[in-house]
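First the structure, in the form of structure tokens, and then the observations on it.
Values in this text are rule-based calculations from the coordinates and carry no lab data. Computed from a predicted structure; not experimentally measured. Every residue, glycine as well, gets a Cβ built from its backbone with ideal geometry; the counts of neighbours run over all protein chains shown.
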Amino acid sequence: MTCPQREVGLRATRNAGIHALEVYVPRHCVSAAELERTYKVEGKYTIGLMMREWAACDEDEDVVSMALTVVHRLMERYGVGHGDVGMLQVGSESLLDRSKSIKTHPKSAAVPP
């Protein structure tokens with residue numbers, strides 16, 4: 001199904017919606033049930049948070065490197081050029097939502113120099 005074009009202001013909207021999605025999961029993980037047993041908090045992760053595994057970054061990874069990896073994978077996999085990027089959204093599950101500052105790094109990777 002193709003989306004019809006509709007004039008909105010001076011720009012036409014085409015094919016609105018999510019066209020691609022990429023998820024990066026750190027390479028180190030541990031069983032959520034094992035964490036519960038270790039910290040004596042049965043059900044906290046497996047029932048309360050519905051987790052099966054907990055993944056963690058290595059010392060050579062951080063949220064910015066993960067975001068850059070995802071942007072690079074998407075652009076390579078789908079043959080997207082810098083000028084083709086219309087919008088970039090970044091989500092974070094950190095206690096303090098740092099999505100705005102995180103977004104500046106992958107956004108710079110998607111914009112030509």
### Task
Please give, to one decimal in nm, the separation of the simple spin-label points placed at T46 and E22, each 7 Å out from Cα toward the Cβ.
3.5 nm
### Task
May I ask you to list the residues of region 39-57 whose amide nitrogen lies under 16 Å from a point 7 Å from Cα along the Cα→beta-carbon direction of S31?
39-47, 51-55
## Note on the structure
FRET efficiency (S108, T69; Cβ distance; R0 22 Å; to 0.05) is 0.95
### Task
Take each of the peptides 22-31, 60-69, average the number of other beta-carbon atoms within 10 Å over its residues, and list them starting from the highest.
60-69, 22-31
